[in-house]
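The block underneath contains the structure these notes are about, expressed in structure tokens.
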Amino acid sequence: MQIRNQGTDFTQHDRPDYCEQPFVFNHDNSYLAKFDEYTLDRPGYVAWFSHPAGPLQSGEMSDTVYYKGDTVSYHEHNHGIEVFLIDAGRVMVYMRGKKAEAAAGDIVFVPPFVSHGFDYLEDETVWREWFAHIRMNEGMLKERRLRTFGNVDLDDPSVKQKLARHKDHTKLTFVTEFDRVDKDQMPFIRSYDFAYDTFRFPGVEMLQKIARHELDGESEIWQYRMDKGFSMEWSKWNPHGVVLALFSGSMEVTVAGQEPFIVKAHDIVNIPSYLSCRIEALENNTVTFDYACKGLQFRALEHVRALQNEGSALLDDKEAVCELLEDTYDVYSYWKMH
């Protein structure tokens with residue numbers, strides 16, 4: 001896509017003219033913008049998938065692809081929550097006097113006022129990012145707009161200083177010593193097997209990775225480990241939408257009024273609110289992360305587990321289960337529960 005501005009052609013890596021599947025984000029052909037002009041001679045880039053939304057400006061998602069030797073210096077934020085899923089690769093994480101290596105499938109959770117820095121240990125490390133309260137990609141978007149439409153000299157030091165200004169960002173320039181520890185000794189690293197609790201149903205394990213109290217009471221982040229043939233559906237009355245980041249395996253996805261389509265590992269499924277949809281795992285060890293769980297799912301699953309333990313006949317009645325989940329817990333998904 002070319003944009004002409006004041007007689008000069010500017011190549012813009014914004015959303016492609018054609019997206020193969022409008023309900024899927026990936027690096028190939030479905031993103032809002034792709035930033036690669038900030039990595040100089042290095043091959044990394046940022047694929048930006050979704051805007052922050054709502055009063056808490058949450059749900060912004062992007063992937064940054066790093067290469068061995070890339071680093072993020074030690075810093076902290078006064079506002080904002082960052083959730084980093086290592087979708088591929090390995091990372092050395094520096095936080096609060098400790099350092100540990102995290103690998104694919106691990107999550108690094110960064111709340112405000114927690115200093116952090118990273119060294120990327122492998123080429124093509126995919127750093128899957130979820131943000132709230134911070135509008136993390138706004139600086140790159142602002143520079144893109146100026147570069148394309150602003151007629152300003154981006155090499156001017158005063159312009160660069162204005163672009164780099166970030167009131168909530170504190171770069172820590174002093175030398176800090178870090179003790180090398182196992183990642184399980186760093187509470188802000190949520191290893192692949194970490195869970196506040198794991199709920200088991202036929203064909204699936206559901207692990208809560210980030211709890212509601214850690215996301216300002218707005219949502220929860222879950223990991224689902226699915227066997228081949230497991231299916232899950234969302235009601236057309238779901239006001240929250242569905243955002244599933246597929247880590248491994250493959251799924252068939254059906255959205256109301258659309259032909260089914262297949263998603264593969266590393267794709268993000270993004271279904272708007274008030275559209276019914278269904279997923280089915282096509283192979284064993286299909287693992288996805290749920291980023292749009294705004295209902296009280298942890299509380300709901302504790303209730304369902306209690307009903308299981310009682311041998312309650314209610315779990316045989318799909319309509320009754322959906323009514324319980326929707327009316328009591330604001331949860332609009334359904335799956336086989338016993």
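The values are calculated or read from the model by the stated rules, or taken from the named source; none is laboratory data. The shown structure was predicted, so the numbers you read here are calculated from the model rather than taken from an experiment. Cβ sites come from the backbone with ideal geometry, for glycine too, and all protein chains shown count toward neighbours.
Residue 268 falls short on exactly one of the conditions (1) of a type in the set (A, V, I, L, M, F, W, C); (2) within 20 Å of residue 193 (Cβ to Cβ); (3) surrounded by 22 or more Cβ atoms within 10 Å (Cβ to Cβ); (4) within 19 Å of the chain's Cα centre (by Cα), and that condition is (2).
Select from region 72-98 the residues that are buried (at least 16 other Cβ atoms within 10 Å of the Cβ) and not in a strand (DSSP E or B) and write down the one among them that is modelled with the lowest pLDDT. By that ranking, first place goes to 80. Within region 163-201, the set of residues being over 21 Å from the mean Cα position of the chain (by Cα) and at pLDDT 95 or above comprises 178, 179, 180, 181, 182, 184, 185, 199, 200, 201. As for region 290-298, it holds at least one residue that is within 21 Å of the chain's Cα centre (by Cα) and either small (Gly, Ala, Ser) or within 16 Å of residue 22 (Cα to Cα) (or both).
Looking across region 243-261, the residues that are within 23 Å of residue 202 (Cβ to Cβ), aliphatic (A, V, I, L, M) and free of Cβ contacts under 8 Å to residues at least 60 places away in the same chain come down to 244, 246, 251.
On inspection, residue 227 qualifies as in contact with a Gly (Cβ under 6 Å, 6 or more places away or on another chain), of a type in the set (Asp, Glu) and in the same structural domain as residue 282 (by the TED database). Exactly one residue among 314, 275, 307, 282 is more than 20 Å from the chain's Cα centre (by Cα), surrounded by 15 or more Cβ atoms within 10 Å (Cβ to Cβ) and either over 30 Å from residue 31 (Cα atoms) or in the same structural domain as residue 126 (by the TED database) (or both), and that residue is 307. When region 128-162 is limited to residues that are of a type in the set (S, T, N, Q) and surrounded by 15 or more Cβ atoms within 10 Å (Cβ to Cβ), the one that is modelled with the lowest pLDDT turns out to be 137.
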